[in-house]
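First the structure, in the form of structure tokens, and then the observations on it.
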Amino acid sequence: MNPTNTPQEPQKSALEGKRFLIKYGGAAMEKAEVREAVCAEVAALARQGARLIVVHGGGKEISRLLGNLGLTTNFIQGVRVTDAEGMRATEMVLSGAVNKDLVSRITRNGTPAVGISGRDAHMIEAKPLVGKNGENFGLTGEVVRVDSSVVEALLEAGFVPVISPVGETASGEPLNLNADYAAAAIAGALGTESCVFLTDVSGVKKDGLVLPKLTPDEIKHLIDAGTISGGMIPKVECAVRAIDAGCPEAIVCDAARPNIIASALNSASNPGTSIRRSYHCEV
């Protein structure tokens, strides 16, 4: 009851003012209806007050463009080798077509989004990646540092930043970055509440069942045992990197599941595999 008959303050969302990073890429981006649903949910959650940052990939689209141009795509142990021609194509796809498609979809769903790459305002400084055995990956890079000031400014102004994983060296040479690793570094730099990896599987599995909770030590054990293998290894390694960088939680989940982002941000639900430094036993 309101005895003074004054208007009641609307109840704030539990997400109000909190920062979350959404990494979206790989096969999960291939279906137009999934891409639209993800962008619509990002827009809706931002309108509820959540401060969302989207980092995207686009490897399959890069490979298609390279094929159309008659250029070869080379990989070493699953990591793309990027030459000068490939770097130009990569930047066209990631910072151009894919980035602007996501920006447009989020904006058309009611929340203004702005697309940038790691080169804008020298946000992501990177260096050429060198393999464990000295492999040369050309213009494929790894993150050295993140300057989050441009993202902070966009969030403060009410925009959803949509970030293409292209960084640059200290001298300004563009480098192609693994989107998962870029997402982990950005999540740590921005102090996000969680880093959500939207993929095409329901989580980390053991004996066909999704493991709802994992710690970094458990992940190492499962990798050593061969339970976690293939493309899931970089996902969980990046989840651990995000935690090491200061993000409390990383979540691996299926982008095609309805309302997947809201479920991932709700600590009471289990939409996939949650990874934290430790989990307290419940009495």
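The values are calculated or read from the model by the stated rules, or taken from the named source; none is laboratory data. None of the values given here were measured: they were computed from a predicted structure. We place every Cβ from the backbone using ideal geometry, glycine too, and count neighbours over all the protein chains shown.
Of the residues Glu91, Glu33, Glu9, Glu16, only one is exposed (fewer than 14 other Cβ atoms within 10 Å of the Cβ), over 16 Å from the mean Cα position of the chain (by Cα) and at pLDDT 95 or above; which?
Glu33
Considering only region 180-283, give the helices (runs of 4 or more DSSP H) lying wholly within it that have at least 1 residues that are farther than 28 Å from Glu36 by Cα and over 14 Å from the mean Cα position of the chain (by Cα).
Those helices (runs of 4 or more DSSP H) span 216-224, 232-244.
A quick yes/no check of all residues on (1) out of contact with any Gly (no Cβ under 6 Å at 6 or more places or on another chain); (2) modelled with pLDDT under 95; (3) over 28 Å from Ala44 (Cβ atoms):
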| site | (1), (2), (3) |
| --- | --- |
| Gly203 | no, yes, no |
| Ala225 | yes, yes, yes |
| Lys235 | yes, yes, no |
| Ala239 | yes, yes, no |
| Asp244 | yes, yes, yes |
| Pro258 | yes, yes, no |
| Ala264 | yes, yes, no |
| Ala268 | yes, yes, no |
| Arg277 | yes, yes, yes |
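I'd like to check something: does region 168-175 contain any residue that is within 19 Å of the chain's Cα centre (by Cα), under 30 Å from Arg88 (Cβ atoms) and touching a residue at least 12 places away in the same chain (Cβ under 8 Å)?
yes
From the list Thr169, Thr199, which one is at negative phi, surrounded by 15 or more Cβ atoms within 10 Å (Cβ to Cβ) and at pLDDT below 95?
Criteria check complete, one pass: Thr199.
Among (1) in contact with a strand residue (DSSP E or B) (Cβ under 7 Å, 6 or more places away or on another chain); (2) of a type outside the set (S, T, N, Q); (3) closer than 21 Å to Lys23 by Cα, which single condition is Glu156 missing?
Here Glu156 meets the rest and fails (1).
Residue by residue through region 96-137, note down the ones that are surrounded by 18 or more Cβ atoms within 10 Å (Cβ to Cβ) and over 19 Å from Val38 (Cα atoms).
Listed by number, the residues that qualify are Ser117, Gly118, Arg119, Asp120, Met123, Ile124, Glu125, Ala126, Leu129, Phe137.
Do any residues in region 239-250 that are over 15 Å from Leu265 (Cβ atoms) have Cβ atoms under 6 Å from those of residues that are part of a loop (DSSP other than H, G, I, E, B), where the two are at least six apart or on different chains, and which pairs are they?
Listed pairs, sorted by first residue: Ile243/Arg277.
Conditions first: (1) over 23 Å from Ala14 (Cβ atoms); (2) touching a strand residue (DSSP E or B) at 6+ places or on another chain (Cβ under 7 Å); (3) buried (at least 18 other Cβ atoms within 10 Å of the Cβ); (4) of a type in the set (S, T, N, Q). Asn178 passes all but one, so which condition is the exception?
Exception for Asn178: condition (2).
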